[in-house]
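To start, the structure under review is shown below, and the notes come after it.
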There are 2 protein chains.
Amino acid sequence: MKLYDYFRSSASFRVRIALNLKGIAYDLHHVHLVKEGGQQLQSLYANINPQKLVPSLESDDGLLTQSLAIIEFLDEQYPEPALLPQDAILRAHVRAFAQHIACEIHPLNNLRVLRYLVHSLNITEEQKISWYHHWLREGFNGLEALLSQNQPQRFCFGDSPTLADLCLVPQIYNALRFEFDMSAYPRLNQVNEQCLKLDAFQKALPENHPRALDK
Amino acid sequence: MKLYDYFRSSASFRVRIALNLKGIAYDLHHVHLVKEGGQQLQSLYANINPQKLVPSLESDDGLLTQSLAIIEFLDEQYPEPALLPQDAILRAHVRAFAQHIACEIHPLNNLRVLRYLVHSLNITEEQKISWYHHWLREGFNGLEALLSQNQPQRFCFGDSPTLADLCLVPQIYNALRFEFDMSAYPRLNQVNEQCLKLDAFQKALPENHPRALDK
């Protein structure tokens with residue numbers, strides 16, 4: 001399989017963790033979101049993925065897009081280790097947790113949105129950071145409250161990583177990069193620490209990406 | 001089941017369509033996102049859903065959140081009519097299409113974000129409309145290109161509505177409400193028209209919501 005990604009894209013980071021956990025071999029095709037005004041916007045990539053976003057995964061059956069859809073597909077095709085629980089209600093909770101990040105936090109703080117705020121709405125650096133932190137706070141408050149409803153577990157939902165953890169770790173990574181104070185979120189931090197003990201997460205980190213130095 | 005929703009919330013609109021298509025009886029509990037500075041932020045609802053967002057669905061097994069997770073749960077529990085295709089690749093495409101709306105368009109244009117832009121970043125009405133239209137254009141361009149790769153079908157993916165259509169119709173509804181020019185999107189418009197011929201979609205429309213007049 002070939003993964004079109006960008007080392008710092010947190011949606012790509014999620015998919016790299018999934019591929020690593022499942023031990024699926026993949027080639028990386030780096031789409032640099034900063035160079036050349038964004039390689040994802042150039043025709044070379046736009047012809048591959050008209051949504052002009054990373055990641056996308058070239059499988060034997062064609063191109064797959066959207067990180068959560070890709071991960072669900074991988075989980076169906078390579079069931080071990082499972083990234084979604086067998087129990088239907090628990091599965092709904094895992095998906096909701098993941099979507100709370102993928103639909104409520106990340107979309108507001110990604111590169112193209114920050115660019116629009118700065119270049120089209122002329123906001124200051126301070127306003128940009130406030131915006132970034134605001135949506136993190138809104139989102140993490142809800143997620144911390146959610147985890148706190150149950151006894152602490154090793155991962156978000158049980159003893160093995162699920163789609164929820166695959167979304168949480170890249171989001172916390174971004175938060176720390178933007179110097180967001182994580183001290184109000186002991187449960188989220190605890191899960192993050194556990195995840196980062198695993199090779200699959202370590203290998204997927206932006207700084208361990210083979211093109212990380214290609215800035 | 002009890003659905004906590006808001007008549008104009010497009011994430012709620014998606015779930016109402018799913019419930020209608022499957023013929024599942026539900027009670028509505030209206031959470032007014034405008035009245036009282038937003039009833040979703042008041043403790044009455046925040047104690048139910050700490051993420052303070054609508055929709056949420058009270059099932060026999062507890063509260064479910066996030067519209068796409070709720071719809072996948074309903075599809076698993078009430079398999080007919082199916083909202084996701086049997087074929088794994090097609091299922092991945094349907095999920096990706098839905099997420100392209102739920103993760104890339106809608107999060108940028110919902111009420112809380114527009115409020116932040118107006119009240120905290122002091123943008124003008126004109127800038128707000130430009131922002132709104134910009135993300136619609138970015139998103140719809142990709143989706144129109146995607147549908148145009150195949151022969152026209154009655155719905156986004158085949159002869160019956162899927163999760164993709166459940167996300168598309170509310171998004172187009174919002175676009176029209178904000179006077180966005182849809183003329184560049186014949187394939188999306190065609191699907192929208194087909195969907196709106198169905199009772200399940202009609203019944204779920206904001207203006208047909210029992211609390212629509214409760215402005």
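The values are calculated or read from the model by the stated rules, or taken from the named source; none is laboratory data. This is a predicted model, so every value here is computed, not measured. For neighbour counting, all protein chains shown are included, and Cβ atoms are generated from backbone atoms with ideal geometry for every residue, glycine included.
Within the stretch B:22-47, which residues are within 12 Å of chain A (Cβ to nearest Cβ) and surrounded by fewer than 17 Cβ atoms within 10 Å (Cβ to Cβ)?
B:Leu41, B:Ala46, B:Asn47
Only one of A:Pro161, A:Pro170 is more than 11 Å from chain B (Cβ to nearest Cβ), part of a loop (DSSP other than H, G, I, E, B) and not charged (D, E, K, R); which?
Within the list A:Pro161, A:Pro170, the selection yields A:Pro161.
Quick check on A:Ala18: is it more than 9 Å from every other protein chain (Cβ to nearest Cβ), within 17 Å of the chain's Cα centre (by Cα) and in a helix (DSSP H, G or I)? Explain how you work it out, then say what you get.
Values: more than 9 Å from every other protein chain (Cβ to nearest Cβ): yes; within 17 Å of the chain's Cα centre (by Cα): yes; in a helix (DSSP H, G or I): yes.
In short, yes.
Would you point out the residue of the stretch B:30-41, among those that are hydrophobic (A, V, I, L, M, F, W, C) and either assigned to a loop (DSSP other than H, G, I, E, B) or over 19 Å from A:Glu104 (Cα atoms) (or both), that is farthest from the chain's Cα centre (by Cα)?
B:Val34
Being assigned to a loop (DSSP other than H, G, I, E, B) and within 21 Å of A:Leu163 (Cα to Cα) is true for just one of A:Leu53, A:Leu136. Which residue is that?
Among A:Leu53, A:Leu136, only A:Leu53 is assigned to a loop (DSSP other than H, G, I, E, B) and within 21 Å of A:Leu163 (Cα to Cα).
Which one is surrounded by the most Cβ atoms within 10 Å (Cβ to Cβ) among residues in the stretch B:69-93 that are facing chain A (nearest Cβ under 9 Å), under 16 Å from B:Gly158 (Cβ atoms) and without any contact (Cβ under 8 Å) to a residue 60 or more places away in the chain?
By that ranking, first place goes to B:Ala92.
State all residues of the stretch B:1-32 that are of a type in the set (Ser, Thr, Tyr) and over 16 Å from B:Gln51 (Cα atoms); if no residue qualifies, say none.
So the first thing to find is which residues in the stretch B:1-32 are of a type in the set (Ser, Thr, Tyr), and the list is B:4, B:6, B:9-10, B:12, B:26.
Those that are of a type in the set (Ser, Thr, Tyr) and over 16 Å from B:Gln51 (Cα atoms): B:Ser10, B:Tyr26.
For the stretch A:178-209, how many residues meet the condition of being in contact with an Asp or Glu (Cβ under 6 Å, 6 or more places away or on another chain) and assigned to a loop (DSSP other than H, G, I, E, B)?
Let us first name the residues in the stretch A:178-209 that are in contact with an Asp or Glu (Cβ under 6 Å, 6 or more places away or on another chain), namely A:185, A:187-188, A:195.
Narrowing the set further to residues that are assigned to a loop (DSSP other than H, G, I, E, B) leaves A:185.
Total meeting the criteria: 1.
Considering only residues that are more than 7 Å from every other protein chain (Cβ to nearest Cβ), touching a helix residue (DSSP H, G or I) at 6+ places or on another chain (Cβ under 8 Å) and assigned to a helix (DSSP H, G or I), look in the stretch A:94-111 and name the one that is surrounded by the most Cβ atoms within 10 Å (Cβ to Cβ).
A:Ala98
Is it the case that some residue within the stretch A:58-68 is aliphatic (A, V, I, L, M) and either loosely packed, with under 15 Cβ neighbours inside 10 Å or without any contact (Cβ under 8 Å) to a residue 40 or more places away in the chain (or both)?
yes
Looking at B:Leu68, B:Leu44 in this structure, which one is part of a helix (DSSP H, G or I) and at pLDDT below 95?
Testing whether each residue is part of a helix (DSSP H, G or I) and at pLDDT below 95 leaves just B:Leu44.
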